[in-house]
Amino acid sequence: MLQSPLRVMFLREIFLNWLDFITRGYILSRQKISSEGVAQMSTLGIDWDTYDRDHIREHAFHEAGHAVVEFLLGRARGHLVHISMRGDHAVAARVRRERCMDVMFLHQLRGPIADDQHAFARAMAVREAVQCFAGPAAEWEATGDPDDHWFSHLCKAADYEENSDFDDALLFARKVTNSEGKAWLLLRRIAAWTDELLSLPRVWKTVESLANSLHHGIEMPGAVACEIMERAWGGDHRLPIFTLGRKWRRRML
Ligand SMILES: [Zn+2]
């Protein structure tokens with residue numbers, strides 16, 4: 001087992017999040033860095049209120065997809081600030097979460113990764129990219145064309161406009177690979193894993209439950225979202241990701 005300072009930090013965060021999960025009170029940090037947007041459109045002339053109402057189901061599943069990954073990793077209690085279904089001219093809805101150690105680490109990562117830290121860094125990239133992809137994937141699963149696939153649409157959309165879900169996932173994949181080909185290979189693999197994760201009945205039930213509570217115009221506090229997800233998930237006090245089997249621990253932890 002790798003015993004680098006980074007791993008110690010990581011295990012500490014996992015432990016604190018687990019502690020938070022069972023005690024429901026621990027707050028890791030209050031600094032906000034991330035806002036995930038959907039339907040990023042800056043076109044003039046859109047009646048946003050009407051647009052948001054017409055697309056509320058898409059937005060709700062999209063944001064619920066992001067939030068449920070935080071929940072599975074045991075980070076929702078500590079990280080989730082709120083889910084806002086109040087659109088503005090930049091985004092239609094957003095999950096706002098606290099500063100995340102994985103994201104900080106990945107953004108600061110420069111150059112080749114030491115051999116003994118590679119698996120650790122790669123798991124971080126996988127966690128964050130799954131978190132990015134779970135939004136569009138959940139949205140597509142609930143409202144998209146079943147004969148088509150969200151990943152190809154996301155790639156096309158990112159070609160002509162900024163899309164943080166795609167851009168961040170690609171950035172993280174690039175950080176932990178040494179060629180563009182390998183980065184894309186990892187990205188496609190993560191897209192498939194995201195689909196697999198969302199197809200697990202207990203995970204999808206949690207996504208649906210949260211999405212069905214996200215109505216137009218509300219700003220749901222993170223604690224409320226956590227309660228809804230915990231209720232839908234049901235059962236024990238184990239960290240959800242630990243209940244999904246060894247395969248998921250190997251991929252994401
Ligand atoms: Zn998103």
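Taking the Cβ of Leu72 as the centre, find all other residues whose Cβ is under 11 Å away and add up their charges (Lys, Arg: +1; Asp, Glu: -1).
Cβ neighbours under 11 Å give a net charge of +2.
Among the GluC sites (Glu not before Pro) in segment 142-222, which ones are in a DSSP loop with at most 13 other Cβ atoms within 10 Å of the Cβ? Mind listing them?
Sparse-neighbourhood loop GluC sites (Glu not before Pro): Glu161, Glu162.
Could you work out how much longer the chain between Val224 and Asp236 gets when fully extended? Use 0.36 nm per residue separation minus the Cα distance between them, nm to one decimal.
Full extension from Val224 to Asp236 adds 2.4 nm.
Would any residue of segment 160-189 have its amide N under 17 Å from a label point 7 Å out along Cα→Cβ of Asp115? List them or say none.
Answer for this model: 178.
Among Leu72, Leu200, Leu187, Leu253, what is the fewest-to-most ranking by other Cβ atoms within 10 Å?
Leu200, Leu253, Leu187, Leu72
For Glu161 and His107, compute 0.36 nm times the residue count separating them, minus their Cα-Cα distance, and round to one decimal in nm.
Extending this stretch completely gives an extra 17.3 nm.
Obtain the nm distance between the two label points defined at Glu196 and His153 by a simple spin-label model: each point lies 7 Å from its Cα along the Cα-to-C-beta direction.
Placing both labels 7 Å along Cα→Cβ, they lie 2.4 nm apart.
So which trypsin sites (Lys or Arg not before Pro) in segment 106-171 end up in coil per DSSP with only 12 or fewer other C-beta atoms within 10 Å?
Answer in residue order: Arg110.
Laboratory data are not the source of any read-out in this text; all were calculated from the coordinates shown. Keep in mind that this is a model prediction, so the values were computed, not measured. Using ideal geometry, Cβ is built from the backbone for each residue, glycine included, and neighbour counts are taken over all protein chains shown.
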